[in-house]
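Below is one structure, written out as structure tokens; the observations come after it.
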Amino acid sequence: MGYTIAQKIIKNHLVCGEMVKGEEIGLRIDQTLTQDATGTMAYLQFEAMGIDRVKTELSVAYIDHNTLQAGFENADDHRYIQTVAKKHGLRFSRPGNGICHQVHLERFAVPGKTLIGSDSHTPTAGGIGMLAMGAGGLDVAVAMGGGTYYITMPKMIKINLVGKLSSYVGAKDVILEVLRMLSVKGGVGAIVEYGGEGVKTLSVPQRATITNMGAELGATTSIFPADEVTKAFLKAECREQDFTPVYADEDAVYDEEYTVDLSKLQPLAACPHSPDNVKPVAELVGTKINQVCIGSCTNSSMLDMLTVAAMLKGKTVHPDVSLSISPGSKQVYNMLAECGALADLIAAGARILECACGPCIGMGFSPQSAGVSLRTFNRNFLARSGTKDAQVYLVSPETAAASAVTGVFTDPTTLGKAPKIKLPKKFMINDNLVELPASVEDADKVVVERGPNIKPIPVGQAPAEDLICKLILKVGDNITTDHIMPAGAKILPYRSNVPKLSEFCFTVCDKDFPERAKAEGGGVILGGVNYGQGSSREHAALVPLYLGVKAVVAKSFARIHVANLINFGIVPMTLENPDDYDKISQDDEIEIKGFASAVAGADQAILVVKKTGVEVPLKLSLTARQREMLLAGGCLNYTKLQK
Ligand code: MIC
Ligand code: SF4
């Protein structure tokens with residue numbers, strides 16, 4: 001029996017475990033990346049491990065998220081990351097160099113290698129044939145130190161692409177179609193591989209748009225083969241030497257297979273407030289819009305920008321619309337300036353933002369009250385834009401540009417033939433914003449600079465034998481990390497200040513949660529299916545830990561979040577019978593007898609609701625390694641015990 005692309009890369013990097021679906025496996029990690037919103041924590045944890053120099057082939061620290069510097073906090077964190085990177089052997093991508101995933105794809109990603117990043121959209125590099133996964137900062141810190149990265153061996157999903165995209169239909173429409181088919185839970189526990197004749201019609205940045213948003217499927221990662229198109233991309237980046245062909249075997253076996261006919265696709269939009277709430281743009285045509293944002297790690301490549309520039313050339317953005325454009329990287333920005341397309345964007349009235357995440361994470365450009373915002377981004381979770389009652393739609397750059405001009409939702413395919421975009425054969429190579437680390441000899445001389453915003457990281461405790469507490473919060477299905485630990489320009493500067501951050505925990509769902517959690521001295525949270533989907537931010541575990549959360553009970557969990565909970569000593573448990581969800585109410589006094597013993601070795605525990613006496617069976621699906629980690633009160637304590 002042959003192997004799939006992902007199975008081949010896993011096989012070449014397997015440190016422990018067996019490649020049996022559902023079993024825990026350990027992988028050797030070749031490259032890591034961090035960004036600044038998760039990076040500060042990752043490096044504090046790396047420092048706590050006491051390892052002098054990173055042991056990976058390549059580790060890069062990017063600054064791209066917290067770039068609005070309304071106070072000293074973000075700038076201090078940038079300086080911390082810059083100095084810590086220099087000291088410990090990492091490359092440092094300076095602010096202004098671009099969004100981590102776009103820059104990594106251009107300059108560092110290598111087919112056939114493994115990458116983990118403290119950002120859930122790390123699978124963008126799957127567009128080049130790399131096995132790239134999002135992880136918590138602590139897992140990235142461990143990998144930087146040469147440690148193993150653990151995942152559950154995923155099932156394999158294949159998406160066969162046939163045909164060719166028609167005029168004004170983009171790669172974004174492909175992934176929106178996949179999200180429509182599979183939903184935000186469809187990829188949980190799976191790797192999504194793309195194959196079929198249609199693959200060769202897509203450029204690497206188009207493939208990267210698709211693998212990027214595989215994160216929204218809940219997939220472990222998504223991957224394309226590395227073929228002649230990949231080779232041409234690497235050649236344009238002057239990195240031909242990094243090319244290795246990566247293909248699935250002819251007789252590879254997949255658990256599920258789907259087909260997407262590219263030629264039949266039409267422009268699509270993910271409607272508020274979920275990336276899988278997908279409708280044809282044709283059904284939304286005429287809806288008045290207030291804002292358009294083009295950019296983010298999903299759609300900010302040269303191809304995307306040139307398409308938008310060609311569509312806006314000689315036109316004016318509608319007077320009722322505010323249009324922002326953030327190129328994905330300095331390379332893209334610089335090339336746009338050089339070829340004159342930037343002038344077309346400026347002339348049309350676009351507000352050009354720096355090449356960074358920007359509005360995608362609520363770093364400025366929040367829509368007006370109840371505003372309708374069309375964004376080429378990947379997430380439209382409630383309140384993520386910074387405006388709670390905004391209606392955010394996720395669309396392709398083609399739909400975004402067409403609508404920016406008309407002021408209403410517009411189907412670009414009604415505009416006739418799309419302009420022909422010619423990409424340069426050679427891209428502009430200038431890595432002057434990537435700072436190299438100090439040499440081994442000079443590392444001692446580098447002083448790590450820490451600003452006053454950096455506060456100690458909370459450390460977990462061993463679980464009590466009997467857990468007696470309150471159910472301090474009950475939430476529904478598909479709770480995102482943006483619900484648990486909101487981001488945005490006001491909150492993100494506190495990513496290295498957990499006490500301050502805790503004032504915002506879960507406030508999107510319940511503004512009193514932080515106060516109540518503190519007053520009760522912590523307790524347990526109850527969630528529905530896919531609890532913790534979205535970001536890799538470990539703050540969604542660290543902050544609840546700080547507020548005294550001991551366990552989260554849910555119908556099911558998202559992959560990165562459950563790993564983060566365990567890393568910080570919060571016990572994840574699932575309801576044996578999902579219907580029992582209705583038997584527990586917020587504020588109920590609850591008891592789990594033999595909680596610590598269950599964590600140590602049982603697959604089940606019984607939660608008793610004190611006032612009704614109802615018994616709710618809970619499942620603990622934990623590996624031996626995870627049990628030991630939880631008993632130690634989290635990964636940092638566990639790592640110390642191992643020394
Ligand atoms: C996001 O898109 O939600 C983020 C901001 O990039 C996060 C990381 C973070 O919260 O810092 C992610 O996707 O992991
Ligand atoms: Fe940045 Fe948005 Fe991409 Fe997250 S999804 S890495 S915030 S551009």
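Some values worked out for this structure:
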quantity	calculated
Theoretical ellipticity at 222 nm over the chain - DSSP helices of four or more residues, -39500 (n - 2.57) apiece, nearest 500	-8000 deg cm²/dmol
Chain lengthening between ALA310 and GLU338 when straightened (0.36 nm per residue, less Cα-Cα)	8.6 nm
Computed lengthening from MET181 to THR406, 0.36 nm per intervening residue step minus Cα-Cα distance	78.0 nm
Alpha-carbon centroids, region 270-339 and region 418-472: separation in whole Å	28
Selection from THR114, ALA558, GLY488, by position along the positive dipole direction of the chain (Cβ)	GLY488
Per-pair calculated FRET efficiency, R0 = 60 Å: GLU257 and LYS593 via Cβ, rounded to 0.05	0.85
Spacing of the two label points (7 Å from each Cα toward its C-beta) at LYS490 and LEU641, in nm	4.1
Nearest-0.05 FRET efficiency for ARG94 and GLN461, computed from C-beta distance (R0 35 Å)	0.35
Spacing of the two label points (7 Å from each Cα toward its C-beta) at GLU18 and ALA282, in nm	5.1
FRET efficiency estimate (nearest 0.05) - Cβ-Cβ, LYS235 to GLU441, R0 41 angstrom	0.70
Relative contact order, percent, the chain [alpha-carbon distance under 8 Å, six or more residues apart]	14
Burial ranking of peptide ranges 375-387, 630-642 (average Cβ count within 10 Å, highest at the top)	375-387, 630-642
Linear extension gain, ILE346 paired with ASN430, 0.36 nm per residue minus alpha-carbon span	27.8 nm
Gap separating the Cα centres of region 227-257 and region 557-628, nearest whole Å	43
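Read the figures in this text as sums done on the coordinates, not as results from a lab. This structure is a prediction, so every number in the text was calculated from the model and none was measured. Heads up, the Cβs are rebuilt from the backbone with ideal geometry, glycines too, and the neighbour counts pull from every protein chain shown.
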